[in-house]
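Derivation of every value follows stated rules applied to the coordinates shown; laboratory data play no part. No experiment lies behind these values; they were computed from the predicted model shown. Positions of Cβ are generated from backbone atoms using ideal geometry, with glycine treated the same way; all protein chains shown enter the neighbour counts.
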Amino acid sequence: GAGVSQSPRYKVAKRGQDVALRCDPISGHVSLFWYQQALGQGPEFLTYFQNEAQLDKSGLPSDRFFAERPEGSVSTLKIQRTQQEDSAVYLCASSPRARGNTIYFGEGSWLTVV
Amino acid sequence: EDKVVQSPLSLVVHEGDTVTLNCSYEVTNFRSLLWYKQEKKAPTFLFMLTSSGIEKKSGRLSSILDKKELSSILNITATQTGDSAIYLCASTDSWGKLQFGAGTQVVVTP
């Protein structure tokens, strides 16, 4: 596609509900990142994929967070048993190379847990 | 622990003023420093700085990196209301993983 596409753009979840956020990176991009941005904060790193391999998941805040990229393109970030503190914008970014600084962000998925 | 610190956290200026935003970093495996502009959507790329002392310019915006001081500044001259946004600074390692600061919110009043 022309850019990084994320869906849904907005999601309201009841506390305890599971949510799945989807990221369609730019076609052919090797690297894919997920970031979490709470209100008034800068984005915080969650996890990194190189093709289908999850090379770094050090930023996932708890075992309720799980990410996958099974075929090395589309990625899904799943949050189980959502809590209010999970309310944030979830940004996906992709990069054409395995080691590179040209990073393209999607417009984010805004999650509100009520 | 790696960290990126931005200052000020927010500022309000009048159109036409010049603003200077600061970013300091303490990061292992540092590769480069990036500046982004965020207006309620995805961060949009402004500059990537890898070498110390070389100023990068784009219109009214400019930025420079000081590797000795582990810092960078972003300047905006002749500010316009359209410059109102959050400006994010981020360090990157060799994998492209970004470590962001909290951002500086800039409000430009007419």
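What FRET efficiency, computed as 1/(1 + (r/R0)^6) with R0 = 41 Å and r the Cβ-Cβ distance, is obtained for A:Gln80 and B:Val107, rounded to the nearest 0.05? The computed FRET efficiency comes out at 0.60.
For peptide B:90-96, what's the mean number of Cβ atoms from other chains within 10 Å of each residue's Cβ? Kindly include the intermediate steps, with their values, before the conclusion.
Working: counts 6, 0, 3, 3, 4, 11, 15.
Mean number of neighbouring Cβ atoms from other chains: 6.
Given 10 °C and 1.306 mPa s, how large is the Stokes-Einstein diffusion coefficient of chain A in µm²/s, with Rh as the Kirkwood radius over Cα pairs? Calculated translational D: 115 µm²/s.
So if we plug the beta-carbon distance of B:Ile73 and A:Asp18 into 1/(1 + (r/R0)^6) with R0 = 35 Å, what FRET efficiency do we get, rounded to 0.05? Display every interim value, and only then the final one.
Numbers: r = 44 Å, r/R0 = 1.25.
Plugging the Cβ-Cβ distance into 1/(1 + (r/R0)^6) gives 0.20.
Simple spin-label estimate for B:Lys3 and A:Phe66 gives 3.5 nm between the two label positions (7 Å along the Cα-to-Cβ direction from each Cα). Scaled to the globular estimate 2.2 N^0.38 Å, the Cα spread of the protein assembly as shown, given as radius of gyration, is 1.02. Relative to its residue count, the stretch B:3-109 spans a Cα convex hull of 88 Å³ per residue. In the structure shown, the pairs A:Lys57/B:Lys37; B:Lys40/B:Lys97; A:Lys11/B:Lys40; A:Lys57/A:Lys78; A:Lys57/B:Lys97; A:Lys11/A:Lys78 are assessed against 20 Å; a Cα-Cα span above that value is assigned to A:Lys57/B:Lys37; B:Lys40/B:Lys97.
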